[in-house]
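Colleague: Following this message is one structure expressed as structure tokens.
Laboratory data are not the source of any read-out in this text; all were calculated from the coordinates shown. Note that the structure is a prediction, hence the values are computed from the model and not measured. Cβ coordinates were reconstructed from backbone atoms using ideal geometry, including for glycine residues, and neighbour counts include every protein chain displayed.
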Amino acid sequence: MNGTVSGGSHDPFSADEIAQYRSETSGLENRVHLNSAGASLMPNVVLDAVVGHIQLEADIGGYEAADAATETIQEAYVDTAGLVGAQVGRLAMTEHATASFVTALSSVPFQSGDVLATTRQDYVSNQIQYLSLAERFGIEIVRVPDAPEGGVDLGAMEQVIQRRRPKLVAVTQIPTNSGLVQDVYAVGAMCRDHNVLYLVDGCQSVGQMPIDVEAMGCDFFSATSRKYLRGPRGAGFLYVSDRVIDLGLQPLFPDMRGADWVDSDHYQPAADARRFETWEYAWALVLGTGAASRYAQKVGLGRIHARACALAAQMRRRLSTLDRVKVLDHGRELGAIVTASFEGHDPASLVYELRRRGINTSSQTRIDAVIDYDEKGVDGSLRISPHYFNTEDDLDALEGALMEIVRA
Ligand SMILES: Cc1ncc(COP(=O)(O)O)c(C=O)c1O
């Protein structure tokens, strides 16, 4: 097996390390997995954490198992908070990124006429939520234009923040539909300077690159476990800043876990991020999220990022040499997601044909990113999302299979 990227001189991992990490993921025995932007493969330790707790629930009862796992659950919070540079009291566990995003959004006291500033590349469900807020509460959505090289125009963002004084700025760090990485740190500095609330969707970035929510200056950071973090499906988390707590922001529909005190007429929101949580959890999945966070930090986020991006860059180079294939990723900074359109081929059929050959990728249609795909003049794309555990052999297998399918 080839553990190198482009000859290996800048590869932060040795071939032995890659072989070791691969051996710790049973799913890699049978598949070429290039779908970490959809759902990655869990390392065995993550699977063990999830299955172990489900087994304990079956053996002694769900509530009793949660009590027995109090310490390991606390470790899951500590390690997941550590993954993004947060204090443990500022991390809420959720069911997925959208749940995190919605609960955060619901805490912003929008009034008619308020401005929400965002980008043209924000995730589709987030855009739908903005549209719903506009329709129901009369807020104005300002989509800041992109720079010519791709990604939000930072100068234009600064002007919107200065002139329109948005109630909230919301940016998706890595869109679902492209290799673009938005400069969420620069936008965070602007929001701090102008005292504007800032929500970052980190669904595709967490586990793919180092994240420091303090340096980012965000008030909310929403994430999911199953993608580049390599956690289980059905779990996610939300970071909230001190400012959110100090301002007394709380979700529109709090749950009793989020209350420190209740009488028949009042309640007191929890003094920490618990106010964004609900009472019922799949604790097995929370433990899986903790195990995935620990594993990613052990491997090292800096080098995970370097290798995943190098593999993606190599994939883009390979695809750009193929006839009637258009690589769609634009931006000052590109990450590990590769998107491409194949003239005369529906992306969903390509995914199906690849999957039949044991190669996992995913496809997107226009509805996943209306603004971006319309601008690029395509109906959707094939999405190839390597991670650090992939190898050049995986890229060879994908390229070979694509050529075979396209020729047929
Ligand atoms: C950028 C981005 N944000 C949010 C989501 C939604 O995540 P979830 O399905 O965990 O709610 C996705 C899912 O693909 C995504 O790519």
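Colleague: Can you find, among 284, 244, 139, the residue sitting farthest towards the positive end of the charge dipole of the chain, where Lys and Arg contribute +1 and Asp and Glu -1 at Cβ?
Modeller: 139
Colleague: A follow-up question, please. Quick check on the chain: helices-only [θ] at 222 nm, where DSSP H runs of length 4 and up contribute -39,500 (n - 2.57) each and the sum goes over total residues. Nearest 500, please. Don't skip to the end; give the middle numbers.
Modeller: On the way: 15 runs with 171 residues, N = 408.
The helix contribution divided over the chain gives -13000 deg cm²/dmol.
Colleague: Using Cβ contacts closer than 10 Å as the measure, can you line up 305, 266 from fewest to most? It would help to have the intermediate numbers written out before the result.
Modeller: Working: 305 21, 266 8.
Lowest count first: 266, 305.
Colleague: Could you rank the peptides 355-366, 90-101 by their average count of other C-beta atoms within 10 Å per residue, with the highest value first?
Modeller: 90-101, 355-366
Colleague: Roughly speaking, what is the stretch gain from residue 408 to residue 141, that is 0.36 nm per residue apart minus the C-alpha to C-alpha distance, in nm to one decimal?
Modeller: On the way: separation 267, 0.36 × 267 = 96.12 nm, distance 4.59 nm.
Fully extending the segment from residue 408 to residue 141 adds 91.5 nm.
Colleague: While we're looking at this one, here's another question. If you count, for each residue, the other Cβ atoms within 10 Å and average over each peptide, how do 318-324, 193-199 line up from highest to lowest?
Modeller: Values: 318-324: 13.0, 193-199: 18.7.
By packing density, highest mean first, the sequence is 193-199, 318-324.
Colleague: Over the Cα atoms of the chain, how large are the radius of gyration and the largest Cα-Cα distance (Dmax), in Å?
Modeller: 21.4, 70
Colleague: Quote the charge dipole size of the chain about the Cα centre in Debye, to the nearest 20; the model charges only the Cβ of Lys and Arg (+1) and of Asp and Glu (-1).
Modeller: Details: 36 positive and 54 negative charges, 193 e Å.
That gives a dipole near 920 debye.
Colleague: Taking neighbour counts of Cβ atoms within 10 Å as a proxy for exposure, in what order, fewest first, do 255, 11, 122 appear?
Modeller: Numbers: 255 15, 11 20, 122 23.
Ranked by crowding around the Cβ, least crowded first: 255, 11, 122.
Colleague: Next question, about the same structure. So if I take the centroid of the Cα atoms in the range 94-162 and the same for the range 205-223, what is the distance between those two points in Å?
Modeller: Spelled out, the Cα-based centre of one part sits 17 Å from the other.
Colleague: Could you identify which residue out of 86, 147, 308 has the top mean-square fluctuation in a GNM of the chain using Cα springs shorter than 10 Å?
Modeller: Checking each option, the largest mean-square fluctuation is seen for 147.
Colleague: So in the range 48-298, what percent of DSSP beta bridges are antiparallel if you round to the nearest 5? Kindly include the intermediate steps, with their values, before the conclusion.
Modeller: Working: 13 of 29 bridges.
Among the beta bridges of the range 48-298, antiparallel pairing accounts for roughly 45 percent.
Colleague: Let me ask you something else. Would you mind classifying the range 111-209 by shape? Square roots of the alpha carbon gyration tensor eigenvalues, ordered a ≥ b ≥ c; an a/c under 1.5 is rounded, otherwise it is prolate if a/b is larger than b/c and oblate if not. Walk me through the numbers on the way to the answer.
Modeller: Values: a/c = 1.69, a/b = 1.26, b/c = 1.34.
Oblate is the answer for the range 111-209, as a/c is 1.5 or above yet b/c matches or exceeds a/b.
Colleague: May I pose another question? Note down the magnitude of the dipole of the range 1-155 about its Cα centre, charges +1 on Lys and Arg C-beta and -1 on Asp and Glu C-beta and zero elsewhere, to the nearest 20 debye.
Modeller: 540
Colleague: Moving to a separate point now. Putting +1 on Lys and Arg Cβ atoms and -1 on Asp and Glu Cβ atoms, find which of 325, 36, 213 reaches farthest to the positive end of the dipole of the chain.
Modeller: About the Cα centre, the residue reaching furthest to the positive side is 325.
Colleague: Over the chain, what relative contact order in percent results from Cα pairs under 8 Å that are six or more residues apart? Kindly include the intermediate steps, with their values, before the conclusion.
Modeller: Details: 818 pairs, mean separation 94.2, N = 408.
Relative contact order for the chain comes out at 23 percent.
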